[in-house]
1. Can you tell me which residues in the stretch 72-127 are without any contact (Cβ under 8 Å) to a residue 12 or more places away in the chain and either touching a His at 6+ places or on another chain (Cβ under 6 Å) or within 20 Å of Gly48 (Cα to Cα) (or both)?
2. Which of the residues that make up the stretch 357-400 are touching a helix residue (DSSP H, G or I) at 6+ places or on another chain (Cβ under 7 Å) and among the small types (Gly, Ala, Ser)?
3. Given the stretch 128-201, what strands (runs of 3 or more DSSP E) lie entirely inside it while holding 1 or more residues that are farther than 19 Å from Gly262 by Cα and touching a residue at least 40 places away in the same chain (Cβ under 8 Å)?
4. Suppose we filter the stretch 214-244 for residues that are assigned to a loop (DSSP other than H, G, I, E, B), surrounded by 24 or more Cβ atoms within 10 Å (Cβ to Cβ) and either among the small types (Gly, Ala, Ser) or free of Cβ contacts under 8 Å to residues at least 12 places away in the same chain (or both); how many remain?
5. Residues in the stretch 302-322: is at least one in a helix (DSSP H, G or I), in contact with an Asp or Glu (Cβ under 8 Å, 6 or more places away or on another chain), touching a residue at least 12 places away in the same chain (Cβ under 8 Å) and not assigned by TED's automatic domain parsing to the domain that holds Lys59?
6. Residues that are of a type in the set (Lys, Arg) and assigned to a loop (DSSP other than H, G, I, E, B): does the stretch 254-261 have at least one?
7. Does Arg125 count as touching an Asp or Glu at 6+ places or on another chain (Cβ under 6 Å) and surrounded by fewer than 24 Cβ atoms within 10 Å (Cβ to Cβ)?
8. With Leu71, Leu115, Leu97 as the choices, which residue is closer than 24 Å to Gln336 by Cα, buried (at least 17 other Cβ atoms within 10 Å of the Cβ) and under 21 Å from the mean Cα position of the chain (by Cα)?
Amino acid sequence: MLQALKRICLGAILVAAAALLAWPSGASAQTGEPIKIGFSMAMTGGLGPNGQSALLAQKIWEEDINARGGLLGRPVKLIYYDDQTNPATVPGIYSKLLDVDKVDLIIGGYGTNMLAPAMPVVIQRNKLFIGLLGLGVNVSFNYPNYFVMIPSGPDPKPSFTKGFIEVAMTQNPKPQTIAIVAADAEFAVNAADGARENAKKAGLNIVYDKRYPPSTTDFAPIVRAIQATNPDLVVICSYPPDSVGMVRAVNEIGFKPKMIGGAMVGLQNTAIKAQLGPLLNGWTNYDFWIPVPKMQFPGVTELMRKYQEKAAATGVDRLGYYMAPQAYAQLQVLAQAIEATKSLDDQKLADYIRVSTFKTVLGDVKFGKYGEWAESRVLQVQFQNIQAYEVAQFTSVVTQVVVSPADYASGKLIYPYEKAK
């Protein structure tokens, strides 16, 4: 009996020892309280589909970094709340993160309209703040510890439509007139300001330039009003529900300008693409990453593989081209700054980020004026050859052709628009 008991105890010791040896060395190095990183995210409301996609990529980063041992020998924990695509909720979320949850660091959520209302809290607390996709948010604040992952560059407002108009002006015959229409909301207004600037530089005559209320649901009257001015080019600056409405209205009315699109949020989302299907043919619109050969940066293929496996089971945007690389890279920048400075001090981190180049799934990232990317890399992508209303259509880059900038181009623009219909 005694010998049997000794054998059981010895076996238990050996099993425990084996388990300790098998435990990942990175994970075993994690000690103490987790490093808490807090943020708001649009998980519901108009930006919800894209926000959920971003959040999934951020959770993948959390898994990856903890599998490698965390940061500073501590595990990392993301703490986030749904801002409901409602700017009014944002200041309260960040106050709660800092005062109640006692997070170590904060990052920005998704979208210009949600980053801007966080800025007064950020500035008052002198916090480092890396936003996700915000257009020109820091131009008015000029806060030195703000950075953003949107690749709009040092002159952010014109960046969304610069490539659109540049490509248009290389066509034969050259366009002469342009219409600009925008939602009366911060992102769309900023993008429209930039479109106006680009149009004037190109010598285009602006024949229509109006805003519509964000609550608009019937876009046919707007499209007919634009059609009445007979523009060669149409730049639309819109959020997801509006973008869908605009595409449908243009197709239903049979409006055929020479080129249309520009700064429409939502057409990057896989579910929206599948919903609109062939109605998208010929539209040319901004994007940030497409799996074309020239954008296969180190690590991005592995990220997208993990993302798409998880997305298929959760109902989140199945492809994740638009949000996943940006969201993952956002946290890569933060992690590399923490590792380099061996600190969680906001000022030390901001000072390091301001002068450094980061290796990310988006390639090399360096920040410049206003915390924007030092160089712009906003794509213009034309939808071509879409035959059906299904997700599979958009796994091929043949249906999404990068036409600008030239360094990342994967094909030629079909012009005028109606030739692609």
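1. Of all residues in the stretch 72-127, those without any contact (Cβ under 8 Å) to a residue 12 or more places away in the chain come to 92, 99-100, 124.
Matches in the stretch 72-127: Gly92 only.
2. Passing the criteria: Ser376, Ala388.
3. On the way: elements: 129-131, 146-148, 177-183.
Counting at least 1 such residues, we get 129-131, 146-148.
4. 0
5. No - not one qualifying residue is present in the stretch 302-322.
6. Of all residues in the stretch 254-261, those of a type in the set (Lys, Arg) come to 256, 258.
Then keep just the ones that are assigned to a loop (DSSP other than H, G, I, E, B); that gives 256, 258.
Yes, the conditions are met somewhere in the stretch 254-261.
7. On the way: touching an Asp or Glu at 6+ places or on another chain (Cβ under 6 Å): no; surrounded by fewer than 24 Cβ atoms within 10 Å (Cβ to Cβ): yes.
No, not satisfied.
8. Details: Leu71 fails: under 21 Å from the mean Cα position of the chain (by Cα); Leu97 fails: under 21 Å from the mean Cα position of the chain (by Cα).
Just a single option satisfies the conditions, and that option is Leu115.
The values are calculated or read from the model by the stated rules, or taken from the named source; none is laboratory data. Keep in mind the model is a prediction, meaning the values are calculated, not measured. In this analysis, Cβ positions are derived from the backbone assuming ideal geometry, glycine residues included, and neighbour counts consider all displayed protein chains.
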